[in-house]
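Dropping the structure in here first, questions after.
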Amino acid sequence: MSDLPPWVRHTKRTLPRKNGLTCAGLFAGCGGLDLGAAMAGFELVYAADSDSTAVSTYSNNVSPYAECIDLSKSEISPVAKGVDLLLGGPPCQGFSSAGPKKKEDPRNKLWNHYLEYVKSWEPKVFLMENVYGFLSEFSDFSEKAQIILDGKYRLFARRFITQYYGVPQFRDRVIIQGVRRDVGSGPLWPEPTSPEFYHYTRPFSTAISMARALEDLGPADDPSGLFADHVSVPLGATDLAIARHIPNGGSLKDMPDKHLPKPYFGRIRTNTSGWRWFYRKPRPLIPGRSVISSVRPNYATILAPDIILTKISNEWRWKPIDAEAHTDASGLYTSPVKQRRLTIRECARLQTFPDWFLFVGKPLDIHRQIGNAVPVEFARRLSDSAASLIIHGDNARQMPNTIVGQIE
């Protein structure tokens with residue numbers, strides 16, 4: 001257990017001492033971004049989201065100061081005016097690679113409402129999270145933001161791959177940082193644990209693998225297990241028939257043509273590799289792919305890897321299945337282990353929610369909450385950098401690179 005990441009080891013709610021700064025969250029969901037701020041020492045004074053189930057989860061785990069409202073239709077309350085840090089993750093379905101990418105999706109413009117709150121509350125720094133595709137919107141966002149905010153903020157955008165920030169997950173996101181001009185010239189970002197490169201299958205020294213993050217949970221779907229939510233949504237017959245022929249690190253592209261099941265048999269492959277995005281199965285010895293809000297197994301990360309779970313010195317360990325040993329002459333792999341989705345707790349772990357964090361709702365509701373969240377550990381590091389900028393201004397760059405809210 002000593003090799004587990006720090007955020008895994010805590011089964012009881014533990015937060016560091018306050019850093020003297022306040023924080024509020026909009027489009028807060030179940031609270032991944034805001035919990036990260038709390039773990040960096042911020043005092044949470046307000047949060048809002050339109051999803052009542054997510055707000056219940058937030059209230060039970062993060063802060064009682066959360067309300068369920070439609071931020072696009074509600075009057076702006078003065079409750080958080082003068083807050084030090086404002087957080088937010090306006091819905092991004094129109095820019096997400098996992099969705100239909102409809103540019104006319106009305107949710108694409110919810111950042112306008114977020115900026116109206118910035119204008120009213122005048123936080124010293126604000127952070128807004130979105131998918132990588134939002135970069136195509138940043139020029140329009142910046143132009144309108146300067147008008148809405150009367151030029152009082154400097155705006156910066158940066159792309160992050162969260163596996164380089166203490167997260168066992170390759171999650172590709174954009175963070176917008178707004179710094180009030182009287183606070184500093186900005187920006188101040190967290191330092192990666194190793195040089196960043198856009199490659200989700202190449203190992204690196206500081207990576208937290210899926211195995212390291214998840215293996216201590218023990219067998220999934222075990223009624224006698226330590227975690228009641230270490231359970232998975234069952235796979236349907238068609239998904240089971242496909243998943244058992246997908247090796248770790250593979251996808252539907254790895255199935256020979258003659259073995260393809262309905263509805264894929266006889267169809268022309270979509271590109272030279274053929275359906276490489278469908279039914280991906282993760283590699284257990286590197287960070288996982290992005291946890292998403294769906295449970296459809298033709299996306300990643302939905303399927304669990306093929307592993308043999310054994311107990312060594314009273315601790316559970318993963319041993320990946322040797323794909324070659326289970327592949328026949330025609331190139332068809334057949335898994336020797338039970339196929340399943342990742343469990344709720346496994347998805348929460350990949351998003352670095354601590355084990356004391358319990359979700360409200362039905363399994364599909366919970367998967368949506370987890371998939372829409374910002375990884376807590378990444379949020380903590382973002383918030384820590386924001387705190388340093390708020391406290392020290394431009395001198396923050398000369399300060400020691402410490403983590404204010406580190407829990408050991």
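Give me the pairs: first residue in the range 56-71 and closer than 15 Å to residue 22 by Cβ and touching a residue at least 12 places away in the same chain (Cβ under 8 Å), second residue surrounded by fewer than 19 Cβ atoms within 10 Å (Cβ to Cβ) and of a type in the set (Val, Ile, Thr), beta-carbon distance under 9 Å, and six or more apart or on different chains, which are they?
63/45; 65/45; 65/79
Looking only at the range 339-388, which residues are among the polar types (S, T, N, Q), crowded, with 24+ Cβ neighbours inside 10 Å and either part of a loop (DSSP other than H, G, I, E, B) or in contact with a Cys (Cβ under 6 Å, 6 or more places away or on another chain) (or both)?
351, 352, 369
When residue 154 is evaluated against the numbered criteria (1) part of a helix (DSSP H, G or I); (2) touching a strand residue (DSSP E or B) at 6+ places or on another chain (Cβ under 6 Å), which criterion, by number, is the only one it fails?
Checking residue 154 against (1) part of a helix (DSSP H, G or I); (2) touching a strand residue (DSSP E or B) at 6+ places or on another chain (Cβ under 6 Å), the one that fails is (1).
Which one of these does residue 272 not meet: (1) at pLDDT 95 or above; (2) farther than 28 Å from residue 378 by Cα; (3) in a loop (DSSP other than H, G, I, E, B)?
Result: residue 272 fails condition (1) only.
Examine the range 216-223 for a residue that is within 30 Å of residue 192 (Cα to Cα) and surrounded by 17 or more Cβ atoms within 10 Å (Cβ to Cβ), and state whether such a residue exists.
Taking every residue of the range 216-223 in turn, at least one turns out to be within 30 Å of residue 192 (Cα to Cα) and surrounded by 17 or more Cβ atoms within 10 Å (Cβ to Cβ).
Applying the selection to the range 303-337, what residues are part of a loop (DSSP other than H, G, I, E, B), surrounded by 14 or more Cβ atoms within 10 Å (Cβ to Cβ) and either basic (Lys, Arg) or free of Cβ contacts under 8 Å to residues at least 60 places away in the same chain (or both)? Write out each step before concluding.
Taking the range 303-337 and keeping what is part of a loop (DSSP other than H, G, I, E, B), we get 304-306, 313-314, 321-323, 328-332, 334-337.
Checking which are surrounded by 14 or more Cβ atoms within 10 Å (Cβ to Cβ) leaves us with 304-306, 321, 323, 332, 335, 337.
Selection gives 306, 337.
For residue 70, state whether it is out of contact with any His (no Cβ under 8 Å at 6 or more places or on another chain), of a type in the set (D, E, K, R) and under 19 Å from residue 358 (Cβ atoms). If you could, list the steps in order and put the result at the bottom.
On the way: out of contact with any His (no Cβ under 8 Å at 6 or more places or on another chain): yes; of a type in the set (D, E, K, R): yes; under 19 Å from residue 358 (Cβ atoms): no.
So residue 70 fails the test.
Still on this structure, I have one more. Going by the conditions given, is residue 288 within 22 Å of residue 132 (Cα to Cα) and either without any contact (Cβ under 8 Å) to a residue 12 or more places away in the chain or surrounded by 12 or more Cβ atoms within 10 Å (Cβ to Cβ) (or both)?
So residue 288 fits the description; yes.
The values are calculated or read from the model by the stated rules, or taken from the named source; none is laboratory data. All figures in this text were calculated on a predicted structure; none of them were measured in a lab. Every residue, glycine as well, gets a Cβ built from its backbone with ideal geometry; the counts of neighbours run over all protein chains shown.
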